[in-house]
């Protein structure tokens, strides 16, 4: 699901036409995803489309906290870039920068080509004076497509190459140049996807500080010495875990333990 609206005031709008029609598009998309069979019986859990529509109405009525909760419930039922995008907008308007950046990062993880999410992340980081997350070259390559696309490309290209090598002999086809060309192209594409696959795996260890003044501790204990205090929205890379603490390394190369309740991984809880 694509989202195109709900940007915080002051965010650049790279696609004004999409922004103008974004709310209608989102409302219609949420309605299309409703389960067939009529309204849910009384007392039944709300469906994705119901939660999405209620969140949209709450947002328009300036009930940002309620909208964030409804979008969060919808995302739990059906994780999608559009829901995370709107969740980030609701969280930001409610004054929760850390959860907003986390939601936008999750939207960007699922749909890296969506301009409005990138614009919101740039705006929020600039206003909060946060650095962009430092990514290795292979991690940057992995952001060119959604994470699930890379395994498909790798699998199809590898089987294409293997098929072009093996099938002519199995079926006694006369070997031709195009068989060899497809096999070479398949192996080349497969090899090119390997760095991106590695980037997806390594990016899965990135997370977001949820609350301001989060303590970066020397040891994973409640009484540990505080090395520094982290702002909400700071990106860190998890290097190891112990109990309810993550050992994270920041873009500045500072490292220490943070409480897992105040830090959340982008690609999973």
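The values are calculated or read from the model by the stated rules, or taken from the named source; none is laboratory data. Keep in mind that what you see is a predicted model, and the values were worked out from it rather than measured. Note: ideal-geometry Cβ built from the backbone for every residue, glycine included; neighbour counts use all protein chains shown.
Residues in region 94-103 that are touching a helix residue (DSSP H, G or I) at 6+ places or on another chain (Cβ under 7 Å) and buried (at least 20 other Cβ atoms within 10 Å of the Cβ): how many? Walk me through how you get there before you give the answer.
In the first step, residues of region 94-103 are kept if they are touching a helix residue (DSSP H, G or I) at 6+ places or on another chain (Cβ under 7 Å); the result is 94, 97, 99-101, 103.
Then drop every residue that is not buried (at least 20 other Cβ atoms within 10 Å of the Cβ), which leaves 97, 99-101, 103.
The total comes to 5.
Return the residues of region 40-63 that are modelled with pLDDT of 95 or more and either closer than 16 Å to residue 104 by Cα or out of contact with any helix residue (DSSP H, G or I) (no Cβ under 9 Å at 6 or more places or on another chain) (or both); say none if nothing qualifies.
none
Considering each of 133, 146 in turn, give the residue that is farther than 26 Å from residue 229 by Cβ and not assigned by TED's automatic domain parsing to the domain that holds residue 234.
146
Of the residues 106, 122, which is assigned to a helix (DSSP H, G or I) and either surrounded by fewer than 18 Cβ atoms within 10 Å (Cβ to Cβ) or in the same structural domain as residue 231 (by TED's automatic domain parsing) (or both)? Full working, then the answer.
On the way: 106 fails: either surrounded by fewer than 18 Cβ atoms within 10 Å (Cβ to Cβ) or in the same structural domain as residue 231 (by TED's automatic domain parsing) (or both).
Being assigned to a helix (DSSP H, G or I) and either surrounded by fewer than 18 Cβ atoms within 10 Å (Cβ to Cβ) or in the same structural domain as residue 231 (by TED's automatic domain parsing) (or both) holds for just one of 106, 122, which is 122.
Given the criteria within 30 Å of residue 163 (Cβ to Cβ), at pLDDT 95 or above, outside any loop (DSSP other than H, G, I, E, B) and more than 24 Å from the chain's Cα centre (by Cα), does residue 183 qualify? Please lay out each step first, then the result.
Numbers: within 30 Å of residue 163 (Cβ to Cβ): yes; at pLDDT 95 or above: no; outside any loop (DSSP other than H, G, I, E, B): yes; more than 24 Å from the chain's Cα centre (by Cα): yes.
Answer is no for this residue.
Given the condition over 30 Å from residue 107 (Cα atoms), out of contact with any helix residue (DSSP H, G or I) (no Cβ under 9 Å at 6 or more places or on another chain), exposed (fewer than 15 other Cβ atoms within 10 Å of the Cβ) and free of Cβ contacts under 8 Å to residues at least 60 places away in the same chain, answer yes or no: does some residue in region 261-268 qualify?
Taking region 261-268 first, the residues over 30 Å from residue 107 (Cα atoms) are none.
There is no residue in region 261-268 that is over 30 Å from residue 107 (Cα atoms), out of contact with any helix residue (DSSP H, G or I) (no Cβ under 9 Å at 6 or more places or on another chain), exposed (fewer than 15 other Cβ atoms within 10 Å of the Cβ) and free of Cβ contacts under 8 Å to residues at least 60 places away in the same chain.
Being in contact with a helix residue (DSSP H, G or I) (Cβ under 6 Å, 6 or more places away or on another chain) and closer than 25 Å to residue 107 by Cα is the filter here, so list the residues in region 147-193 that pass it.
Once the filter is applied, which keeps residues that are in contact with a helix residue (DSSP H, G or I) (Cβ under 6 Å, 6 or more places away or on another chain) and closer than 25 Å to residue 107 by Cα, region 147-193 yields 147, 150, 153, 154, 193.
Name every residue in region 197-217 that is assigned to a loop (DSSP other than H, G, I, E, B) and either under 15 Å from the mean Cα position of the chain (by Cα) or at positive phi (or both), in order of residue number. Spell out the reasoning first.
Initially, region 197-217 is screened for residues assigned to a loop (DSSP other than H, G, I, E, B), giving 204-205, 210-213.
Passing the criteria: 204, 205, 213.
Keeping to region 216-246, report how many residues are within 20 Å of residue 95 (Cα to Cα) and surrounded by fewer than 18 Cβ atoms within 10 Å (Cβ to Cβ).
Initially, region 216-246 is screened for residues within 20 Å of residue 95 (Cα to Cα), giving 229-235.
Keeping just the survivors that are surrounded by fewer than 18 Cβ atoms within 10 Å (Cβ to Cβ) gives 229, 231.
The total comes to 2.
Among the residues of region 218-238, which ones are under 26 Å from residue 124 (Cα atoms) and either in contact with a helix residue (DSSP H, G or I) (Cβ under 7 Å, 6 or more places away or on another chain) or assigned to a strand (DSSP E or B) (or both)? Step through it out loud before you land on a result.
Applying the first criterion (under 26 Å from residue 124 (Cα atoms)) to region 218-238 yields 227-238.
Answer for region 218-238, where residues must be under 26 Å from residue 124 (Cα atoms) and either in contact with a helix residue (DSSP H, G or I) (Cβ under 7 Å, 6 or more places away or on another chain) or assigned to a strand (DSSP E or B) (or both): 227, 228, 229, 230, 231, 232, 233, 235, 236, 237, 238.
Go through region 193-203 residue by residue and tally those that are surrounded by 17 or more Cβ atoms within 10 Å (Cβ to Cβ) and within 16 Å of residue 265 (Cα to Cα).
Summing the residues that are surrounded by 17 or more Cβ atoms within 10 Å (Cβ to Cβ) and within 16 Å of residue 265 (Cα to Cα) in region 193-203 gives 3.
Output the residues belonging to region 78-93 that are over 23 Å from residue 140 (Cβ atoms) and buried (at least 18 other Cβ atoms within 10 Å of the Cβ). Before the answer, list the steps.
Filtering region 78-93 for residues over 23 Å from residue 140 (Cβ atoms) gives 78-80, 82-83, 86-87, 89-93.
Matches in region 78-93: 80, 82, 83, 86, 87, 89, 90, 91, 92, 93.
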